[in-house]
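Take a look at the structure set out below.
The numbers here are math on the coordinates, done by the rules we state, and not lab data. Every value quoted in this text rests on a predicted model; they were computed, and no experiment measured them. Here the Cβ is made from the backbone with ideal geometry for all residues, glycine too, and neighbour counts use every protein chain on show.
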Amino acid sequence: MDRRKKREKTTVTKPSTVDASSPPKISPSEAFIVTLSSVLGLGLAFYVANSGFSIDLVTDPSRTIFFIWLVELPIVILLYSRYRQNPRQCMYLRAVGRGLLAVPIGALLNCLGAIALGAPVTFQFLPKTVNWSLMMSLFTTVPASCVLGSSWAHWKRIFAQTQPNGSVEYLICLPAHGAVIGGWFGAWPMPLDWERPWQEWPICVSYGAIGGYLVGLVASCVFVLACARSQHVKQT
Amino acid sequence: MKEREIEGAARRRKITGKWRYTWHLWVTLLLHIAAIVLFTRGFLLTRTELPHYSNSSDVSESQCLYSSSHNNTTTSSWTKPAVNRLIIIVLDALRFDFVAPSTFFPESKHWMDKLKVLKEVVSKSPTSAKIFKAIADPPTTSLQRLKGLTTGGLPTFVDVGNSFGAPAIVEDNFLNQLVQSGKKVVMMGDDTWTQLFPHHFERSYPYPSFNVKDLDTVDNGCIEHLFPSLYEDDWDVLISHFLGVDHAGHIFGVDSTQMTEKLEQYNSILEKVIEVLEKESGPGRLHENTLLVVMGDHGQTLNGDHGGGGAEEVETAIFAMSVKKPPSSVPVEYDTSSCQLDLDGKNVCVSSMQQLDFAVTMSALLGIPFPYGSIGQVNPELYALGAGSWNLDVSQQLSESDIWIQNYANILCINSWQVKRYIDAYSASSAVGFSSDDLSRVASVYAQAENHWLRSTKKLQLDKKDIDALVPALKKQIESYFNFLRTVAELARSKWTEFDLRMMGAGIAIMSISLMFQVLAILRANSQDGATLASSGYAWFFSASASAFFLLGMRAVSFLSNSFILEEGKVANFLLSTSGIVALRKSVVKGKLLKESVGFLLLSTFCRFGIEIGLSKQASTSAFMKEYTSWILNIASGLAVWNHAAEVVPILVLIILAFWLYKATSDIFFGWPRKIVVVCTILSYMLIIVHWITENNRYILAFMPESIGRIYIPRIVYAILLGQLLLLVFAQLFKGNSSDCKTNLVVKTTAMLSAWSSTVILLSGKQGPMVAFASIVGGYCIMRLCDIEDDAKNGPQRRLSIGPFPVMQWNLFATCLFFCSGHWCAFDGLHYGAAFIGFEEFMLVPQAIILTLDTYGFSIILPVFGLPFLVAMKYKADLGKHVLFTQLSQMYTTYGLITAIMTTFTIYCVTMHRRHLMVWGLFAPKFVFDVFGLLLTDVLICLASLYYFDQGKDGHNHN
């Protein structure tokens, strides 16, 4: 039913958005590049942490997550800002700026959500929580703010209704949802009595979030491809 | 045609009245009671602990030939001591294959053959030393096993008579008999012993046992005190309990280097012990007639787990060595050993015995009375190791083995008499004794043996003439006693260690049927409303409820793991917050009620901290939680400001609540009885404030006697509650309220909740007002958030049903309140202190009721009675009674269904984990709490249905 309703709505809203603010377009090859560089960024962060400092997510979650968001930050902001809405009225640098601004705000939101769900709040976990929130912010809110700016309607449509419209929005919406849902499921092994080091906050949640993010990226690539093909069919 | 249909429907409605809406609630209650009674009878094995103790003079009541008749001493003893001193070395979680040679097993593993010294001793002198495969009875946890080993019985989960919390053994046991006979006992090692036997030891060196990661502290402590003690003569029985192997298994598993190291360490310790014993073995020396027993209390799996009934867990080993050599080995009829060559080519024999027999055999060897509740038999092979078991006082022309047989027959006579005495006493005193069939079977087997004893064996022994006839008669006698003892042990095992799977299956089946019945009831109500719900139909049931079903499913499935049960509060809160986020998302989409959904999310965050504080309390009392590394915010408790705040804030909140109640009730029209109820509640609140102030304030105490504040005020509050309830029932009889149906429902609900609230707050103590405040805010948010589902699309035909999502939230929130108010699903989570509010001494019935009110007040009583708010607030207009009541009954069914699903999963999971390590520590208490909660919910739902659905006439004008 949910899906049916969604489809109804998208068919309703499509014409209106087409003429109102030209939905940002992205070709499958560009989408592929964005996905690939995000994935490579993650890989690079892990590689640097592992070979340069011989740490990984389990042994030193705080610093590893720090590397992840440090590497992802320029990749995400610089790449997504290229696909900003209304590129004529909005400077590239401005998009970069609002992306940077979204980093702490998104981190705060993610952090509050995590605390509501039971993340620890003691001081020993503070750096881990902060780094984790920054990483989640890069996965969820930063791409959206680079592309969409501060348009409440678009934010609402993408994050509250999950109705991405157009290829770039798939690239924003699906990885963000993937990261959040993955993190949610990643929290489940935490209470188990296996006494494994990775059961601590925020290690398995980060694993879940990164896994969900990757799945979301791949799925969004597929959607962009499907989108382009259908448009191609329409045009011919 | 259509008119006639409507007429028919109206008539049906008139005939059935309110039962039309509520009959299925009663059926559900009955189904649940049947299911739970059946399941509980199969699952919760109970045994009554008898307060009787064996006395040395008791034995004269039997027909047996006991030793005093030969000695003519005034102090008769049951048996003649066969050994003088006893050393028991317990190696916790000793697997059988640690001790037995690897040639006994199909495959040689590298943890085998490490305790070499035991094999060497056995192969060198097979008459004086023996290895047994000892079969333990589940539950194979250390505490239950030690209890079983010393009492000779089969401990169960509910040993009635045992006080909760204090584990000290109150039944008669081996150590108690030792102390009664004036023997001195020295203990070192695991502190479980000192918990079980606080007053029995001459000297004890206990070491904490709960730190599983520490492999050496207990063992080093044992070693430190064991060797000096071996050279001392101030004890008769020495117990040394090593824990290293158990801990190594728990942490590293059996297949680990730590385990091998531990075993090698034990090997060297045992070598030294045996060396000392042999050095001191000469006549007149310290250990002339000492028995060394090296044993495990239970086994372990390769992962180091134990507790269940698996072969690896129940199979452990007993090694026994008598320093004084018995003249011969046990007669071949009673020898169960099987022999193999070990890797060094030496012949090693291994016998088999039941751990159940340990207590009575040791008692027989030491010559002390057998523990009253023991149901074991004296093991012939172990008994034959005692050198004294081969002597006879009166010289006879008998071979050594015949003398032994005669001795053994006499002991078995006493043994059988003692077991029969216990069985008789047990079935006479216990409410849930053995069935009469079983009892008569046991009695006939015993009568047969006794008959033979009196007719031939006893006479032959006393006459001492017909020696040729004596030995066959003795053997036949032993056979018949074996038969009796075996029958009793089988019966006891079936009663106390085996779950009745058929009963449990029947319970589960009925429970599943009741779930289906509830689902059908909900669907039926939906289809009945087909006319009014035409626009939405079933659709809402699937769209809006997907997330509710998902949350329900996650929560239900989480019960399948013990870890999630341990942290159930956190899981419930996680799901509550998730539901809050889902609601927030919806309210963002609809662009309304943002305040409520954010407020709800904040509230669940506060709940989370409340639950963590509760869990920290649990951590300090529960054995399972001791190691739990919690990440709890430690509130600085030393500050004076905090103390003052803790005094003042609850009172302020309570005043706010009273004011709130006053405001809320002043603008709706209330009938006079209900008005009185509300006023009484406000009065109760004031009384509670006075009660709290007088509790700690010295100055006010000067003005009035202490007892008024402490005793009478709570009693007045209870009395007010009773009065209010009576008044509400009384008001029920009054009809003719001019107000419409919806307002009426709101008024009734408010009156009911306010009546209960004062008592619940009083019992919850200082946290009560805060929890009450939180529950009002949470309830309000959930109520308002129901509206989110309304679609503007539906226009005038508003959606009439309330999906299960708000009900699910309501239920989750109630669960969170249970944990927030500092409870958890274990018997030490009950607030026994609350039962004594208003009472000085113990009275069972009122205090049980008060304890129930305290435990389930916020989590079941208030939510169930408050549920009509969800319906009443939903409709702006009065839609008539039929719609309202259909909705309400559907909501109650849904609420009952959610609770029932949770309980059903708890039942599934205790069935699946019935042999789990933590089944008695964790699953069974959870089961008891859930089952009780379910029954209470059902009963309250039925009462609420009586109260809320009234029969008055009503125009179904709006339909």
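Extension gain B:Ser666-B:Gln732, at 0.36 nm per residue separation less the Cα-Cα distance, in nm?
On the way: separation 66, 0.36 × 66 = 23.76 nm, distance 2.08 nm.
Taking 0.36 nm per residue and subtracting the Cα distance, the gain is 21.7 nm.
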Sites matching trypsin sites (Lys or Arg not before Pro) across segment B:573-614 that sit in DSSP coil, with at most 15 neighbouring C-beta atoms within 10 Å
B:Lys592
Out of residues 5 or more away from A:Ile55 or on other chains, whose amide H comes under 5 Å of its own, with H placed 1.01 Å from N in the peptide plane?
A:Asn50
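When the chain is fully extended, how far beyond the present Cα-Cα distance does B:Ser338 get from B:Lys213, taking 0.36 nm per residue of separation?
Details: separation 125, 0.36 × 125 = 45.00 nm, distance 3.78 nm.
Stretched out fully, the B:Ser338 to B:Lys213 stretch lengthens by 41.2 nm.
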Find the Cα radius of gyration of segment B:326-375, compare it with 2.2 N^0.38 Å by division, and give the number to two decimals.
1.53
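About the Cα centre of segment A:119-232, how large is the charge dipole given +1 on each Lys and Arg Cβ and -1 on each Asp and Glu Cβ? Please answer in debye to the nearest 20. Please report the intermediate quantities before stating the final value.
Working: 5 positive and 4 negative charges, 70 e Å.
Dipole size: approximately 340 debye.
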Need one number: convex hull volume per residue for segment A:26-232, Cα atoms only, in Å³.
119 Å³
Quick one, could you list the DSSP H helices from chain A stretching 18 Å or more along their long axis (Cα atoms) with average Kyte-Doolittle hydropathy of -1.0 or above?
A:28-47, A:61-81, A:92-117, A:126-148, A:167-186, A:203-235
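For a Förster distance of 51 Å, can you work out the FRET efficiency between the beta-carbons of B:Glu695 and A:Val233, rounded to the nearest 0.05? Write out the running numbers ahead of the final one.
On the way: r = 79 Å, r/R0 = 1.55.
E(calc), rounded to 0.05, equals 0.05.
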Go through segment B:462-513 and name the GluC sites (Glu not before Pro) that are in a DSSP coil and have 16 or fewer other Cβ atoms within 10 Å of their Cβ.
B:Glu498
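Please compute, for peptide A:147-157, the average count of beta-carbon atoms on other protein chains lying within 10 Å of each residue's beta-carbon. Can you show the working numbers first?
Numbers: counts 0, 0, 0, 0, 0, 2, 0, 0, 1, 4, 1.
Other-chain Cβ atoms within 10 Å of each residue's Cβ, averaged: 1.
For B:Leu30 and B:Gln195 in the same chain, what is the full-extension length gain: residue separation times 0.36 nm, less their Cα-Cα distance, in nm? Intermediate results must be reported in sequence, preceding the final value.
Numbers: separation 165, 0.36 × 165 = 59.40 nm, distance 4.28 nm.
So the chain would gain 55.1 nm between B:Leu30 and B:Gln195.
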Distance between modelled label sites at B:Gln180 and B:Glu261, nm, 7 Å Cα→Cβ extension:
4.6 nm
Is the shape of segment A:21-87 best called rounded, prolate or oblate, per the rule: a/c under 1.5 gives rounded, else a/b larger than b/c gives prolate, else oblate, with a ≥ b ≥ c the square roots of the Cα gyration tensor eigenvalues?
prolate
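May I ask you to give the average projected area over all directions of the convex hull of the Cα atoms of segment B:412-522, in nm² rounded to one decimal? Each step should come with its number before you reach the end.
Values: hull surface 36.3 nm².
Projected area, direction-averaged: 9.1 nm².
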Give the calculated FRET efficiency between B:Tyr231 and B:Ala425 to the nearest 0.05, with a Förster radius of 35 Å applied to their Cβ-Cβ distance.
0.20
With label points set 7 Å from each Cα along the Cα-to-Cβ direction at A:Phe32 and A:Leu108, the distance between them in nm comes to 4.1 nm
Once you place label points 7 Å from the Cα toward the Cβ at B:Tyr53 and B:Glu278, how far apart are they in nm?
4.1 nm
Show me the trypsin sites (Lys or Arg not before Pro) within segment A:70-109 that DSSP assigns to loop and that have at most 12 other Cβ atoms within 10 Å of their Cβ.
A:Arg88
Need the C-alpha centroid separation for segment B:239-273 versus segment B:289-332, integer Å.
15 Å
Amide H within-cut-off set for B:Phe319, under 5 Å, with H built and near neighbours excluded:
B:Phe132, B:Val294, B:Met295
